[in-house]
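A short write-up of the structure that comes next.
The values are calculated or read from the model by the stated rules, or taken from the named source; none is laboratory data. Note that the structure is a prediction, hence the values are computed from the model and not measured. In this analysis, Cβ positions are derived from the backbone assuming ideal geometry, glycine residues included, and neighbour counts consider all displayed protein chains. In case anyone asks, the SASA skips ligands and DNA or RNA and just uses the protein heavy atoms, side chains included. Shrake-Rupley method; radii C 1.70, N 1.55, O 1.52, S 1.80 Å.
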Amino acid sequence: MMTGREGVTRYRLIFTPGPLPHPDLIRELNAWRSIIRMLGLNGCDPQRYGGLAYGNVSLRLPDGGIRFLISGTQTGGRMHLTADDYCEVHGFDLETNRLEARGPIPPSSEALTHAAVYRADPAWHCVMHAHSPEIWRHAGTLGLRTTAPEIEYGTPAMALAVAALATKPGVPLIAMLGHSDGVIAYGGTVDATARILITYLAEALQLDDSSTAGQPATTP
């Protein structure tokens, strides 16, 4: 099965339908994901990205390997998710562009990039892919690392580029310059990952405010 939603995703998916393994483990992730959704970092807007839902979250399973739960394809626009909106990724190969998953819904088409972060460092236990025009356009000023503009979203090249950056010290937030407004945060816990997104969104909004300071107000 070749995935083809959410932009230019190109991984080969081997998917086994069934109930979500470990549904109790998504509670914290799902709660923070709802907050991220309220802030517009996930969503669905007919005026943006061709009307496709955007944003996804994942959590590494606590078994010492690289298996993780991830929100399903095209669920970004929903305000609240359930266990039926997640699946488990239990196998992948970045170099051959292959991913294996099981659950009630196929994984997000950015799942290979999440896998790349988990492969990069065992310290990372949560990944959140969001869309923030504010963070994205101020990435340089905010001191964030970036992937090259020619690397497309959802491709093996993007996964490998993110993996390389996730092995290095620095702010655990990457702007994907080849994917409009796309950013990816990661951390050792779910709340740390969500908080890095929210903190840098606040900093980016302050930069927006400073750029308009002193400009005359418009008359209604």
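Site pair Thr199 and Leu39 shows an inter-label distance of 1.1 nm when each label is modelled 7 Å from Cα along Cα→Cβ.
In the distance distribution for region 57-177, Cα-Cα pairs more than 16 Å apart total 61 percent. Would you work out if region 132-171 is rounded, prolate or oblate? Take a ≥ b ≥ c from the square roots of the eigenvalues of the alpha-carbon gyration tensor; rounded if a/c is under 1.5, else prolate when a/b is larger than b/c, oblate otherwise. Oblate, because a/c is 1.5 or more while a/b does not exceed b/c. Charging the Cβ of each Asp and Glu at -1 and of each Lys and Arg at +1, and nothing else, the dipole of region 46-109 about its Cα centre rounds to 220 debye. Take the Cα of Arg12, step 7 Å toward its Cβ, do the same at Val171, and the gap between the two points is 3.8 nm. Accessible surface of region 52-168, 1.4 Å probe: 56 percent of it comes from carbon and sulfur atoms.
Please give the contour-minus-distance gain from Arg48 to Glu95: 0.36 nm per residue of separation, less the Cα-Cα distance, rounded to one decimal in nm. List each step's numbers first, then the result.
On the way: separation 47, 0.36 × 47 = 16.92 nm, distance 3.08 nm.
Additional length available on full extension: 13.8 nm.
Note on region 102-141: Rg/Rh from Cα positions, Kirkwood definition for Rh, rounded to two decimals, is 1.08. For the chain, the relative contact order works out to 21 percent when only alpha carbon pairs closer than 8 Å and six or more residues apart are counted. Here the relative contact order of region 93-220, from alpha carbon pairs under 8 Å that lie six or more residues apart, stands at 30 percent.
One equal scatterer on each Cα of the chain, no solvent, Debye formula: the resulting log10 I(q)/I(0) at q = 0.16 Å⁻¹ is -1.03. Across region 1-115, the mean sequence separation of Cα contacts (distance under 8 Å, 6 or more residues apart), normalised by length, yields a relative contact order of 31 percent. Seen against the Cα atoms of the chain and their longest principal axis, helix 27-38 is set at about 30 degrees. Helix 111-120 and the longest principal axis of the C-alpha atoms of the chain enclose an angle of approximately 90°.
Just check region 24-125 against the gyration tensor rule for me: Cα atoms, a ≥ b ≥ c as the square roots of the eigenvalues, rounded for a/c under 1.5, and otherwise prolate or oblate depending on whether a/b exceeds b/c. Write down the numbers at each step before the final one.
Values: a/c = 1.83, a/b = 1.42, b/c = 1.29.
Prolate is the answer for region 24-125, as a/c is 1.5 or above and a/b outweighs b/c.
Applying both filters, DSSP loop and at most 15 other Cβ atoms within 10 Å, to the GluC sites (Glu not before Pro) of region 119-220 gives Glu150. Computed from Cα positions, the angle between helix 156-166 and the longest principal axis of the chain comes to roughly 70 degrees.
Both radii come from the Cα set of region 124-204: Rg as radius of gyration, Rh as Kirkwood radius; their ratio Rg/Rh reads 0.93.
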